[in-house]
1. When you take every Cα atom in the chain, what is the radius of gyration, and what is Dmax, the widest Cα pair distance, in Å?
2. Pop out the Kirkwood hydrodynamic radius of the stretch 1-48 from its pairwise C-alpha distances, inverse of mean 1/r, in Å to one decimal.
3. Just the number, please: percent antiparallel of the DSSP beta bridges in the chain, rounded to the nearest 5.
Amino acid sequence: MIEIKPQHQRAIEKLRERFGNDPRYLALIVGGSVAKGTAREDSDLDCNFVITDEEWRRREAAKDYWMFMDDICDYPGGYVEARGYSLDFLKEVAE
């Protein structure tokens, strides 16, 4: 089991609070050094959201795939980088 540093766990919880009740966001997938267990104290949080097909189309039309959030992490230098993918897109890539 990978141990997640407390500051990264707090950031994940804040993401859940912010996006967990938004029906456009279906799942949160944490990646990068946090998921690998190699994060430093000041590592950013890399993640992906599984989003609804409607939200995917909206983001695709706007070419708005990437999110940068510097108000989630409560530690010096911390920030979140995220991308959104539809479930259908992920299934297509998996095939």
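1. 13.8, 40
2. Values: mean 1/r = 0.0888 Å⁻¹.
Result for the stretch 1-48 stands at 11.3 Å.
3. Numbers: 10 of 17 bridges.
Here the share of antiparallel DSSP bridges comes out near 60 percent.
Bear in mind that the values in this text are calculations on the coordinates, not laboratory data. Small disclaimer: the values here were computed from a predicted structure and weren't measured.
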